[in-house]
There are 2 protein chains.
Amino acid sequence: MSRINILAVDAMGGDAAPQAIIAGLEIAAARHPQAKFLIFGDEAAVAPLIAGTKRLKNQHELRHARDVVAGDMKPTVALRLRDSSMRRAIDAVLGGEAAGVISAGNTGALLALSKIVLKTMKGIDRPAMAAIGPSAKGDVVMLDLGLNVVYDARNLVEFALMGELFARVTLGLPRPTFGLLNIGSEEGKGDEILRTAAAMLRESPIASQFHGFVEGHDIAGGTVDVVVTDGFTGNVALKTGEGALKLVGDLLKRVFTSGPFARAGYVLARGGLNRLREWLDPRRYNGAVLLGLNGVVVKSHGGTDAEGFAHAVDVALDMIGQDFGARIAAGLAAMDRAMLSTTADE
Amino acid sequence: MSRINILAVDAMGGDAAPQAIIAGLEIAAARHPQAKFLIFGDEAAVAPLIAGTKRLKNQHELRHARDVVAGDMKPTVALRLRDSSMRRAIDAVLGGEAAGVISAGNTGALLALSKIVLKTMKGIDRPAMAAIGPSAKGDVVMLDLGLNVVYDARNLVEFALMGELFARVTLGLPRPTFGLLNIGSEEGKGDEILRTAAAMLRESPIASQFHGFVEGHDIAGGTVDVVVTDGFTGNVALKTGEGALKLVGDLLKRVFTSGPFARAGYVLARGGLNRLREWLDPRRYNGAVLLGLNGVVVKSHGGTDAEGFAHAVDVALDMIGQDFGARIAAGLAAMDRAMLSTTADE
């Protein structure tokens with residue numbers, strides 16, 4: 001079995017670990033019969049769960065890891081745990097045993113460990129977190145989703161380059177469009193960092209795909225394929241959008257259970273309503289990717305269930321299968337050569 | 001007729017001005033038979049529209065204003081127009097002819113003119129824009145929505161104080177709760193400005209109503225009555241939430257028109273669905289308020305229709321009727337005395 005099909009898994013991260021993790025891997029194993037999972041965690045807790053699976057038990061290797069990175073643990077503390085399931089899973093990528101790693105655990109710790117173990121890609125100053133969400137015109141990629149509260153124009157440009165490549169690989173778009181999130185689409189809007197980043201992008205090799213500034217409503221509106229922003233704004237926007245969708249979902253549920261007529265109405269429109277619910281299901285969009293590291297690192301939502309975790313595994317295997325790491329490295333190198341003159345005056 | 005019932009109106013601002021403005025005032029006139037509208041605009045365009053109304057024609061006074069502040073006009077240019085409908089309407093508040101002003105025009109110009117003519121309140125460094133939106137637990141106030149891209153901790157504290165008072169007056173809550181928007185609820189999250197603002201709020205006279213940091217999903221979740229943030233984040237969050245709601249609305253429309261069964265289902269569940277649509281209707285939340293100025297200044301969405309504009313008029317008349325200006329001034333003065341020791345070390 002080639003290394004390209006092996007995904008390292010932190011079995012101990014997330015609110016429902018290790019149960020939801022193992023159940024999610026079982027779903028993923030059925031969808032990816034050629035994949036193999038290198039699982040790290042507390043053997044006493046994990047082994048019995050795996051023993052109860054049908055497919056995973058033949059598509060895995062379990063390694064005992066003594067320590068667990070707690071959800072509220074500071075990254076500096078997590079770094080000191082030498083035998084955590086998270087650390088060991090990342091180490092497996094560095095050692096060449098796996099092509100990528102997935103964890104539903106502590107995001108800060110996952111980033112800190114990945115940066116220290118795998119290192120940031122050549123040409124990238126700061127990694128960014130990207131995810132895919134629903135829009136009126138299909139899927140939309142957004143980044144950064146929370147890693148970079150402090151950032152500069154060059155960081156935003158790098159996020160744009162990485163996001164563009166991510167959309168090409170995961171959405172299969174030959175020339176994805178992208179925009180910088182701002183509070184207006186006019187050129188003078190926003191702060192100095194945004195205006196500088198926009199100027200740099202207008203001179204970049206992907207300038208023709210640059211839509212300029214976009215606004216909050218453009219995310220769900222599908223104005224562009226990739227929405228580029230800083231980690232603070234992206235995190236707030238993501239959670240605000242999720243919150244709004246959840247509000248409508250909850251209210252609709254209330255409407256359709258409010259009486260016999262409404263119930264009958266639901267039954268009649270069920271087909272379309274279920275398709276809509278499935279399409280907007282947050283689990284379908286689970287699996288954020290830490291871009292800019294030497295290796296595929298996928299972060300599952302900590303509160304997700306087995307189905308959601310399986311989707312995050314899909315994302316990781318998709319990126320591994322498409323050799324995302326090598327493609328993004330090549331793309332960045334090409335970009336860097338082209339932009340050398342543009343950014344030399346910084 | 002007392003000055004407290006008089007609202008100055010810029011008839012020329014917004015995408016559908018003056019038609020939507022006058023039609024909106026007609027709706028508002030029916031709802032507020034005691035109110036009077038001091039309307040500024042191009043007499044030739046506006047007078048015939050008013051003549052066609054039933055109620056407004058008896059509840060208004062029209063004053064000719066030669067100039068119009070265009071939607072894309074820079075504030076510095078708008079300031080030079082001496083006889084714009086927007087300027088004249090604001091002047092009417094300064095001159096004591098009206099208790100407040102409403103415009104659906106250029107936000108930047110409205111802010112700049114209001115600051116120059118009415119001045120910022122004593123004790124307030126920067127005005128902020130607030131609006132009310134839907135949440136799972138009733139209405140939620142959010143500010144700032146776009147005025148302050150540059151800000152400091154003291155500004156955020158002032159936004160919190162103004163937002164708390166705004167929620168008391170407009171939502172009728174005796175002790176509204178509030179939170180600072182951040183990317184996590186833990187104390188160490190966010191940048192230095194947010195952490196300093198949180199520390200100041202924990203020492204403020206409204207500390208017991210301070211929920212600490214809240215996240216994007218808490219806006220629609222209704223975790224707090226008032227969500228406090230900077231103008232960039234607030235603007236993005238507002239538009240992202242609106243975009244998400246619009247996406248679901250559009251998709252639901254498609255579901256219920258997708259075939260005869262779905263259509264019949266819609267008919268059966270129509271009562272609840274219509275109530276839901278009305279409740280989430282963006283027009284019902286139209287009318288953002290510029291807080292921190294000496295006078296009530298309400299900004300209607302430029303793209304709204306007559307119904308939406310009428311709602312913004314409701315907001316303005318509500319604030320005027322409750323003597324918001326005097327109450328916020330008194331509240332800020334009390335707050336300032338109490339916080340003098342806390343902020344002296346800044």
### Task
Determine if region B:199-208 includes at least one residue that is among the acidic types (Asp, Glu) and more than 18 Å from residue A:241 (Cα to Cα).
yes
### Query
How about region A:222-232: which of its residues are surrounded by 22 or more Cβ atoms within 10 Å (Cβ to Cβ) and of a type outside the set (A, V, I, L, M, F, W, C)?
A:225, A:229, A:230, A:231
### First in region B:159-173 and part of a helix (DSSP H, G or I), second anywhere and among the acidic types (Asp, Glu), Cβ under 8 Å, 6 or more apart
B:159/B:144; B:167/B:225; B:169/B:318; B:170/B:318; B:171/B:139; B:171/B:225
### Summary
Only one of (1) more than 14 Å from chain B (Cβ to nearest Cβ); (2) under 25 Å from residue A:26 (Cβ atoms) does not apply to residue A:329, and that is (2)
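In region A:294-315, how many residues are out of contact with any helix residue (DSSP H, G or I) (no Cβ under 9 Å at 6 or more places or on another chain) and either in a strand (DSSP E or B) or surrounded by 19 or more Cβ atoms within 10 Å (Cβ to Cβ) (or both)? It would help to see each step written out before you state the result.
Residues of region A:294-315 that are out of contact with any helix residue (DSSP H, G or I) (no Cβ under 9 Å at 6 or more places or on another chain), as a first pass: A:303.
Within this subset, residues satisfying the condition of being either in a strand (DSSP E or B) or surrounded by 19 or more Cβ atoms within 10 Å (Cβ to Cβ) (or both) are none.
Matching residues across region A:294-315 total 0.
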### Within region B:130-166, considering residues that are within 16 Å of the chain's Cα centre (by Cα) and closer than 22 Å to residue A:192 by Cα, the one surrounded by the most Cβ atoms within 10 Å (Cβ to Cβ)
B:144
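Here is a yes/no grid of residues against (1) within 20 Å of residue A:230 (Cβ to Cβ); (2) of a type in the set (D, E, K, R):
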| residue | (1), (2) |
| --- | --- |
| B:189 | yes, yes |
| B:202 | no, yes |
| B:215 | yes, yes |
| B:220 | no, no |
| B:232 | yes, no |
| B:243 | yes, no |
### Query
If we scan region A:269-288, do we find a residue that is more than 9 Å from chain B (Cβ to nearest Cβ), buried (at least 24 other Cβ atoms within 10 Å of the Cβ) and small (Gly, Ala, Ser)?
yes
### Message
I'd like to verify a number: residues in region A:200-234 that are assigned to a helix (DSSP H, G or I) and not hydroxyl-bearing (Ser, Thr, Tyr), how many?
### Response
14
#### Entry: Conditions (1) part of a strand (DSSP E or B); (2) on the phi > 0 side of the Ramachandran plot: number failed by residue B:123
(1)
### Tally of residues being of a type in the set (Gly, Ala, Ser) and within 13 Å of residue A:99 (Cβ to Cβ) across region A:320-335
3
### Message
Suppose we filter region B:248-266 for residues that are touching a helix residue (DSSP H, G or I) at 6+ places or on another chain (Cβ under 6 Å) and either assigned to a helix (DSSP H, G or I) or more than 7 Å from chain A (Cβ to nearest Cβ) (or both); how many remain?
### Response
9
### Query
With respect to residue A:291, is the statement that it is hydrophobic (A, V, I, L, M, F, W, C) and either surrounded by fewer than 20 Cβ atoms within 10 Å (Cβ to Cβ) or without any contact (Cβ under 8 Å) to a residue 24 or more places away in the chain (or both) true?
no
### Query
Any idea which residue in region B:1-41 is surrounded by the most Cβ atoms within 10 Å (Cβ to Cβ), counting only those that are among the charged types (D, E, K, R) and over 20 Å from the mean Cα position of the chain (by Cα)?
B:26
### Query
Which condition number in (1) surrounded by fewer than 22 Cβ atoms within 10 Å (Cβ to Cβ); (2) of a type in the set (A, V, I, L, M, F, W, C); (3) assigned to a loop (DSSP other than H, G, I, E, B) is the one that residue B:193 fails?
(3)
### Test result for residue B:272, on the phi > 0 side of the Ramachandran plot and at pLDDT below 95
no
### Query
Of A:46, A:69, which residue is buried (at least 20 other Cβ atoms within 10 Å of the Cβ) and part of a loop (DSSP other than H, G, I, E, B)?
A:69
### Summary
(1) of a type outside the set (A, V, I, L, M, F, W, C); (2) over 25 Å from residue B:77 (Cβ atoms); (3) not in a loop (DSSP other than H, G, I, E, B) all hold for residue B:96 apart from (3)
### Summary
If we ask which residues in region A:195-247 are at the interface with chain B (Cβ under 10 Å from one of its Cβ atoms) and among the basic types (Lys, Arg), their number turns out to be 2
## Note on the structure
Note on region B:127-145: residues out of contact with any Lys or Arg (no Cβ under 9 Å at 6 or more places or on another chain) and either farther than 16 Å from residue B:285 by Cα or hydroxyl-bearing (Ser, Thr, Tyr) (or both) are B:128, B:135
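The values are calculated or read from the model by the stated rules, or taken from the named source; none is laboratory data. The structure displayed is predicted, hence computed values, not measured ones. As a convention, Cβ positions derive from the backbone with ideal geometry for all residues, glycine included, and neighbour counts pool all protein chains shown.
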